[in-house]
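> One structure, as structure tokens, below. Some questions next.
The values are calculated or read from the model by the stated rules, or taken from the named source; none is laboratory data. Every value quoted in this text rests on a predicted model; they were computed, and no experiment measured them. Cβ coordinates were reconstructed from backbone atoms using ideal geometry, including for glycine residues, and neighbour counts include every protein chain displayed. Keep in mind that these areas ignore ligands, DNA and RNA; they rest on the heavy atoms of the full protein, side chains included. Shrake-Rupley method; radii C 1.70, N 1.55, O 1.52, S 1.80 Å.
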Amino acid sequence: MNARENPDPWAIARQVERFAQLRAELPPNSIVEYYTDLPYTRDSGGIAAFFGACYALAPHLLVYQPRATKPELVVGSFLKRPDLAQLEQEQGLVLVKNYGRGLMLFRRKSN
Amino acid sequence: MAFIPFILAVAAGCLLAKSAAVSRGLRPRLCALLLELSIGAGLGAGISSCLYFVLLASGLAGRGSILAANCFLLAIAALLYWKMRPAAAAETAPPPQAKTSSLVLIFSGLALVACLLPAAIGNLQLASSNPHGLWDAWAIWNLRAKYLAGDAEAWRYALSPLLDKTHPDYPLLLSGFIAENWRFAGQFDTSVPIVTGFMFSAAVIAILASALAVQRSLGLAAAALMVMLSDQQFLTHLGGQLSDIPLGFFYLASITTVLLMENSDEPGRAAAALAGALAALAAWTKDEGIVFALIFLVCFAALEFWRGGAGRLWRNTSWALAGALPVLALVGIFKLMVAPPANPLTSQPASEAAARILTADRVWTLVKSIWVFSTDRGAGIAQPLLVLALAVAGLGFLKPLRFKKTVVFGWVVLGLLFGGYCAAILANPTLLGHEWSAPFDRMFSQLWPSFLLALFLTLRAPEEFLPAAPSPAQPERIKKKRSARRGHGPTAHPQG
């Protein structure tokens, strides 16, 4: 039991606070895609960041690289400042709102 | 506000457990009461969770219906308790109790303080610094509780195939119970999963200690408690809001109920139904619990046949099934018709699973992993298995064994369950080989309390090593003196 040495090692409380405004502004029971510049690996913290975002955004459903239908809304969580023009051009993501601290909401351009 | 369904459910469970009267007439009374209340608390939470899922699936889940369902549960429990209250039932004569020596009382008290205080402080620290729980708590159980507590049809997200990375097929006892309190309160209050976790943790500790205290002795209960709480991994899981402690609770509570049935030649139907319901609620807690419930019911039938032939087999097994089947039916419907097929163990061809189980390399990796995880659960040399070995060496085995049939039953159930765990890990393509995905630490925490109950029932009690307590009767010399002082002859009022 090393709670004092290692309090909240995955920063879940911080994630809940970081996502709070976005969570409140999403339409009820939304399904949103997760987009990040963190690799989805355990060592990079990418897996913890994704699951933390899932927990913070629930009861909205957050999906990562969905195989079937792509949701219209995309939540971006970035370590580095993203190139928005490149994101729009390559991924079809148009910025809806920047929430700060690397958190952004995008809308996917319809083809 | 968030705890109104919680309190109603726990109160209902306590009344139901008291109705079964499994510890009636047992001493110390405080331990017997604690045992019933502890079993009842988890039982109530489990039944309430089942009711909430039925409400969700029928589209009726709302604040009013949650309150009504839990009030209905409480009313049914109160009615059962009233019908089966002690005055209406034949009172069992209390067994003669040996006088507990003050040395044993001091030892037990010190053991309680020495074990429980650091565990309580450590877990409070853990809860305050990790209010959302450990990894599996926020990534699986509390996450799904948020979906189940969401408005309208959000509960279906808890079972969505899109949630493929967080086990959408897992049973919903813990998530459902937390969710109904969140839904009732209208907010995701972190105190609900924290208190729920503490309730199950306290119940596990109380059941192990009080079951040994009422069936054997206070000293043995204190020794078992010391060994149980020397397991640091187990302590971490106690405050981590994981479902492994509730699962361990249902394993322990159902085996303990069978143990308590030993106290009567003709145990009540309610006790058998209670045992069955508790085992089935394990199946509503985690996938491993499904295996446990099936093993438990088969072994229970065998035990009842062993105890009293075909008559007792049919009578008690049918009542155990009556307690288990409603919950098992819910689990069956959930698994077969509602939850997506997301378990890599069950979605592979049987031939592949068999090939994995029979691969020597995998078996060797499993053996090594079990060894590593079981010998690294303490701090430094204070390893629980070492503490356990010292306790076994110090106390020695009881001869002849009391509660022999139940002890054999407990060992067979736990042995088969452990075998089932090993087979499932071997057959699962994703579990072996990754330290972080190996379930061994949680597997040990699930089995640890029941294993200790089964083991400590086979040990001698510390009281047997103490000189016999002095007889409460007064020595003859004092009697004569007092009698002479009152002016009577020593034979005028013979005492003793």
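> Determine if the range B:146-167 includes at least one residue that is in contact (Cβ under 8 Å) with a residue 60 or more places away in the chain, more than 9 Å from every other protein chain (Cβ to nearest Cβ), part of a helix (DSSP H, G or I) and open to solvent by less than 10 Å² (accessible area, probe 1.4 Å).
Scanning the range B:146-167 turns up no residue that is in contact (Cβ under 8 Å) with a residue 60 or more places away in the chain, more than 9 Å from every other protein chain (Cβ to nearest Cβ), part of a helix (DSSP H, G or I) and open to solvent by less than 10 Å² (accessible area, probe 1.4 Å).
> So how many residues does the range B:207-234 have that are assigned to a helix (DSSP H, G or I), open to solvent by 20 Å² or more (accessible area, probe 1.4 Å) and within 14 Å of chain A (Cβ to nearest Cβ)?
Total satisfying the criteria: 2.
> Those residues that are of a type in the set (Phe, Trp, Tyr) and under 24 Å from residue B:28 (Cα atoms), I need them from the range B:186-220; list them, please.
Of everything in the range B:186-220, just one residue is of a type in the set (Phe, Trp, Tyr) and under 24 Å from residue B:28 (Cα atoms), namely B:200.
> Next question, about the same structure. Just the residues that are open to solvent by 10 Å² or more (accessible area, probe 1.4 Å) and either touching a Leu at 6+ places or on another chain (Cβ under 8 Å) or over 26 Å from residue B:287 (Cα atoms) (or both), please, taken from the range B:131-142.
B:134, B:136 - these are the residues of the range B:131-142 that are open to solvent by 10 Å² or more (accessible area, probe 1.4 Å) and either touching a Leu at 6+ places or on another chain (Cβ under 8 Å) or over 26 Å from residue B:287 (Cα atoms) (or both).
> Given B:30, B:67, B:37, B:79, which one is open to solvent by 60 Å² or more (accessible area, probe 1.4 Å) and in contact with a Cys (Cβ under 7 Å, 6 or more places away or on another chain)?
Of the residues listed, the single one that is open to solvent by 60 Å² or more (accessible area, probe 1.4 Å) and in contact with a Cys (Cβ under 7 Å, 6 or more places away or on another chain) is B:37.
> Select from the range A:26-54 the residues that are farther than 22 Å from residue B:142 by Cα, open to solvent by 50 Å² or more (accessible area, probe 1.4 Å) and more than 11 Å from chain B (Cβ to nearest Cβ) and list them in ascending order.
A:35, A:37, A:39, A:41
> Just checking, which of B:330, B:336, B:325, B:297 is hydrophobic (A, V, I, L, M, F, W, C), more than 24 Å from the chain's Cα centre (by Cα) and closer than 24 Å to residue B:246 by Cα?
B:336
> A further question on this structure: Using the structure shown, decide if residue A:16 is farther than 24 Å from residue B:189 by Cβ, within 14 Å of another protein chain (Cβ to nearest Cβ) and in contact with a helix residue (DSSP H, G or I) (Cβ under 8 Å, 6 or more places away or on another chain).
no
Let's see how each residue does on (1) of a type outside the set (D, E, K, R); (2) surrounded by 12 or more Cβ atoms within 10 Å (Cβ to Cβ); (3) in contact (Cβ under 8 Å) with a residue 12 or more places away in the chain:
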site: B:373; (1), (2), (3): yes, yes, yes
site: B:389; (1), (2), (3): yes, yes, no
site: B:397; (1), (2), (3): yes, no, yes
site: B:404; (1), (2), (3): no, yes, no
site: B:417; (1), (2), (3): yes, yes, yes
site: B:424; (1), (2), (3): yes, yes, yes
site: B:432; (1), (2), (3): yes, yes, yes
site: B:439; (1), (2), (3): yes, yes, yes
site: B:442; (1), (2), (3): no, yes, yes
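> Separate question: Has the range B:191-206 got at least one residue that is in contact with a Leu (Cβ under 6 Å, 6 or more places away or on another chain), of a type in the set (Gly, Ala, Ser) and either within 14 Å of chain A (Cβ to nearest Cβ) or assigned to a helix (DSSP H, G or I) (or both)?
Yes, some residue in the range B:191-206 is in contact with a Leu (Cβ under 6 Å, 6 or more places away or on another chain), of a type in the set (Gly, Ala, Ser) and either within 14 Å of chain A (Cβ to nearest Cβ) or assigned to a helix (DSSP H, G or I) (or both).
> Please verify whether the range B:103-126 includes one or more residues that are within 9 Å of chain A (Cβ to nearest Cβ), more than 23 Å from the chain's Cα centre (by Cα) and crowded, with 21+ Cβ neighbours inside 10 Å.
Taking every residue of the range B:103-126 in turn, none turns out to be within 9 Å of chain A (Cβ to nearest Cβ), more than 23 Å from the chain's Cα centre (by Cα) and crowded, with 21+ Cβ neighbours inside 10 Å.
Yes/no matrix, rows are residues, columns are (1) aliphatic (A, V, I, L, M); (2) under 26 Å from residue B:202 (Cα atoms); (3) at pLDDT 80 or above:
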position: B:84; (1), (2), (3): yes, no, yes
position: B:87; (1), (2), (3): yes, no, no
position: B:92; (1), (2), (3): no, no, no
position: B:101; (1), (2), (3): no, no, no
position: B:116; (1), (2), (3): yes, yes, yes
position: B:124; (1), (2), (3): yes, yes, yes
position: B:129; (1), (2), (3): no, yes, yes
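> Would you point out which residue out of B:45, B:61 is surrounded by 15 or more Cβ atoms within 10 Å (Cβ to Cβ) and farther than 29 Å from residue B:205 by Cα?
Selected residue: B:61, the only one of B:45, B:61 that is surrounded by 15 or more Cβ atoms within 10 Å (Cβ to Cβ) and farther than 29 Å from residue B:205 by Cα.
> Among the residues of the range A:87-110, which ones are over 14 Å from residue A:33 (Cβ atoms) and not in a strand (DSSP E or B)?
A:88, A:89, A:90, A:101, A:102, A:110
> I would also like to ask the following. Any residue in the range B:191-218 that is within 17 Å of residue B:402 (Cα to Cα) sitting within a Cβ distance under 7 Å of a residue that is open to solvent by 10 Å² or more (accessible area, probe 1.4 Å) and β-branched (Val, Ile, Thr)? List the pairs, counting only those 6 or more apart or interchain.
B:218/B:100
> Six or more apart or on different chains, Cβ under 7 Å: which pairs go from a residue in the range B:257-280 that's surrounded by fewer than 24 Cβ atoms within 10 Å (Cβ to Cβ) to one that's of a type in the set (Lys, Arg)? Could you list them?
From the range B:257-280, no pairs qualify.
> Take the range A:58-86 and flag every residue that is facing chain B (nearest Cβ under 9 Å), hydrophobic (A, V, I, L, M, F, W, C) and either within 17 Å of residue A:41 (Cα to Cα) or not in a strand (DSSP E or B) (or both).
Those that are facing chain B (nearest Cβ under 9 Å), hydrophobic (A, V, I, L, M, F, W, C) and either within 17 Å of residue A:41 (Cα to Cα) or not in a strand (DSSP E or B) (or both): A:58, A:63, A:68.
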